[in-house]
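Presented below is the structure to which this report refers.
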Amino acid sequence: MLVTEAEIVERTHQIGSQITSDLAGEVPLLIGVLKGSVIFIADLMRAIGGPVEIDFLAVSSYGKETTSTGVVKILKDVDNEIAGRHVVLVEDIVDSGLTLRYLMGYLEAKQPATVRTCALLLRQGQHNDDLDIDYVGFSLPPAFVVGYGLDARQKYRNLPYIAEYTGD
Ligand code: IMP
């Protein structure tokens with residue numbers, strides 16, 4: 001186990017409070033990247049005081065090709081009009097940062113008032129240091145992880161904690 005359920009609860013509340021104060025007087029629009037972020041976004045929105053909306057994007061998982069190009073295919077677009085909105089893009093884990101970087105550009109083109117980024121997990125040592133993520137839950141060593149929404153071949157998303165995946 002790398003991050004316990006209690007640690008996730010505590011950190012999610014801290015981030016929720018931070019978003020509440022950073023966007024005081026606004027209605028934040030949380031945009032989760034399917035499917036890994038669903039459990040985190042469900043808890044995060046309940047840790048935000050006041051009105052908040054959610055939406056989702058689905059992207060193709062990157063293969064070798066997209067790793068080199070940085071292009072991510074949008075499989076499901078947002079439903080909301082985001083021009084003028086205060087958007088928080090919510091990711092489960094940032095590894096290379098390609099998904100986050102691409103989606104930032106994609107959302108910024110829709111002219112929101114602001115776009116912030118939130119990642120439950122940040123994998124260290126993946127040359128993603130230059131990414132300026134506004135809210136990071138936990139920084140993790142370079143191990144493949146599952147639980148709390150993250151999967152290994154679609155399994156283990158329902159674990160209430162984050163664990164290193166060492167095989168079925
Ligand atoms: P990036 O574009 O390299 O930052 O990859 C981010 C995406 O890869 C995440 O949203 C996850 O869907 C997936 N991913 C990366 N590392 C892991 C992991 O350790 N467990 C589960 N999914 C992961």
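The values are calculated or read from the model by the stated rules, or taken from the named source; none is laboratory data. These figures come from a predicted structure and were not determined experimentally. Here the Cβ positions follow ideal geometry from the backbone for every residue, glycine too, while neighbour counts run over all protein chains shown. Surface accessibility is based on the protein's heavy atoms, side chains included, excluding ligands, DNA and RNA. Shrake-Rupley method; radii C 1.70, N 1.55, O 1.52, S 1.80 Å.
Before moving on, here are some points about what is shown:
- Residues of the range 100-108 include at least one that is modelled with pLDDT under 95 and under 10 Å from the mean Cα position of the chain (by Cα).
- Residue in the range 56-63 that is within 28 Å of Glu5 (Cβ to Cβ) and modelled with pLDDT under 95 present: yes
- Each residue in the range 1-20 was checked for being of a type in the set (S, T, N, Q), exposed (fewer than 14 other Cβ atoms within 10 Å of the Cβ) and either touching a residue at least 12 places away in the same chain (Cβ under 8 Å) or in contact with an Asp or Glu (Cβ under 7 Å, 6 or more places away or on another chain) (or both), and 2 pass.
- All conditions but one from (1) farther than 16 Å from Asp79 by Cβ; (2) within 15 Å of the chain's Cα centre (by Cα) apply to Ile54; the one that does not is (1).
- Just one of the listed residues (Val136, Val146) is in a strand (DSSP E or B) and near the ligand (Cβ under 10 Å from one of its atoms), namely Val146.
- Being within 16 Å of the ligand (Cβ to nearest atom), touching a residue at least 12 places away in the same chain (Cβ under 8 Å) and open to solvent by less than 50 Å² (accessible area, probe 1.4 Å) is not true of Leu23.
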